[in-house]
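Let me begin by presenting the structure, written as structure tokens, before commenting on it.
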Amino acid sequence: MPMAALSIGRILPLVLLAPLLGACVSGESSAGRASALATTVSRASACKAGAPQRTTLDRFLAAEKARGADAQQISAARAAYIGVSEAETINHGVKPRPCTAEERAELKQRMSRIRAGDFTTL
């Protein structure tokens with residue numbers, strides 16, 4: 001089997017499931033907020049509306065722990081963030097969506113809050 005076919009075979013399920021990954025977790029849970037964070041960060045990067053800091057995930061997880069999340073919830077949040085980020089990145093590479101000026105402005109504001117460590121609006 002050619003290498004390109006193998007890669008497409010592995011990527012295609014993620015591309016098809018990307019829109020569903022965020023819907024699989026409740027927005028009220030740590031994993032739900034991590035999913036929302038990953039979606040925001042990925043879209044902002046794609047729209048050139050701001051990039052996360054290297055410590056964004058760690059700071060988010062620390063904030064979740066401060067909110068009372070236990071080790072299992074933190075682990076689920078980390079997995080949700082990574083899974084959604086990877087799926088969003090692959091999805092954007094396969095089927096890019098254009099960004100409107102309004103969306104870019106909204107994402108810039110959200111990324112500014114995220115970079116400041118404010119995760120309350122997720």
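Just so you know, all these numbers are worked out from the coordinates, no wet-lab data involved. Just so it is clear, the structure is predicted and the values come from calculations on it, not from any experiment. Don't worry about glycine lacking a Cβ; one is built from the backbone with ideal geometry, like all the others, and counts go over all protein chains shown.
You can think of it this way: the chain between Ala62 and Ser29 has 10.4 nm of extra reach, that is 0.36 nm per residue less the Cα-Cα gap. Cross-link partners of Lys108 among lysines, defined as those whose alpha carbon lies under 18 angstrom from its own and excluding same-chain residues fewer than eight positions apart: Lys48. Most tightly packed first, judged by the mean number of other beta-carbon atoms within 10 Å of their residues, the peptides 35-41, 105-111, 95-101 read 35-41, 105-111, 95-101.
Distance from the alpha carbon centroid of the range 68-109 to that of the range 31-54 works out to 5 angstrom. A simple count of charges around Asp58, restricted to other residues whose Cβ falls under 14 Å of its Cβ and scoring Lys, Arg +1 and Asp, Glu -1, yields +4. Distance between the 7 Å Cα→Cβ label points at Thr55 and Ala105: 3.2 nm. Here the contact order of the range 44-122, divided by its residue count and restricted to Cα pairs under 8 Å and six or more residues apart, works out to 58 percent.
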